[in-house]
1. Could you list all residues from the stretch 37-90 that are without any contact (Cβ under 8 Å) to a residue 40 or more places away in the chain, more than 15 Å from ligand 1 (Cβ to nearest atom) and out of contact with any strand residue (DSSP E or B) (no Cβ under 7 Å at 6 or more places or on another chain)?
2. Looking for something surrounded by fewer than 19 Cβ atoms within 10 Å (Cβ to Cβ) and modelled with pLDDT under 95 - is there at least one such residue anywhere in the stretch 1-23?
3. Against the condition modelled with pLDDT of 95 or more, assigned to a loop (DSSP other than H, G, I, E, B) and touching a helix residue (DSSP H, G or I) at 6+ places or on another chain (Cβ under 8 Å), how does residue 68 come out, does it pass?
4. Restrict the check to the stretch 108-117 and report whether at least one residue is more than 22 Å from residue 34 (Cα to Cα), within 10 Å of ligand 1 (Cβ to nearest atom), assigned to a loop (DSSP other than H, G, I, E, B) and without any contact (Cβ under 8 Å) to a residue 40 or more places away in the chain.
5. For the stretch 91-110, what are the residues that are within 14 Å of ligand 2 (Cβ to nearest atom) and touching a strand residue (DSSP E or B) at 6+ places or on another chain (Cβ under 8 Å)?
Ligand code: IDP
Ligand code: MG
């Protein structure tokens, strides 16, 4: 089953939106495989966002993601990467559809509330960077057959 990696960013945590955001992924049918509340180090932020190193917004991005605690999630489900990206919305909240997390709670790209892996390759890299094997917990959810046809 596909997995994706999500960060509930510091602005969302500070604004008390952690529960609201987790609720949206849960109601979509995505299944928790891992979750932790943590302060991101500068080193982890730089590795996670390595593809953006050198861009004009990079320094601001690293200070944003390290500015307060975050919640890191591993979510599992059919097409988990694409489904989570749709639930999150577009990179720029102003262009995000109402009904998406960024479209409902955000205005600015530098305060866009949540990260989601952009491909299966990225999710594999990011999950390995943020979670140890022991922190990912496989489980049978009693509703799985009502969310996944072939369970
Ligand atoms: P994504 O989070 O939708 O995948 P990316 O292009 O991968 O978007 O950018 C990573 C993060 O960098 C964004 O979520 C946002 O927080 C920040 N970011 C991207 N572009 C800008 C910008 O033009 N100004 C400020 N921050 C930006
Ligand atoms: Mg991205």
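The values are calculated or read from the model by the stated rules, or taken from the named source; none is laboratory data. Computed from a predicted structure; not experimentally measured. Cβ placement follows ideal geometry from the backbone for every residue including glycine, while neighbour counts extend to all protein chains displayed.
1. Correct list: 39, 41, 42, 43.
2. Yes, the stretch 1-23 contains a residue that is surrounded by fewer than 19 Cβ atoms within 10 Å (Cβ to Cβ) and modelled with pLDDT under 95.
3. Numbers: modelled with pLDDT of 95 or more: yes; assigned to a loop (DSSP other than H, G, I, E, B): yes; touching a helix residue (DSSP H, G or I) at 6+ places or on another chain (Cβ under 8 Å): yes.
So residue 68 fits the description; yes.
4. Scanning the stretch 108-117 turns up at least one residue that is more than 22 Å from residue 34 (Cα to Cα), within 10 Å of ligand 1 (Cβ to nearest atom), assigned to a loop (DSSP other than H, G, I, E, B) and without any contact (Cβ under 8 Å) to a residue 40 or more places away in the chain.
5. Answer for the stretch 91-110, where residues must be within 14 Å of ligand 2 (Cβ to nearest atom) and touching a strand residue (DSSP E or B) at 6+ places or on another chain (Cβ under 8 Å): just 102.
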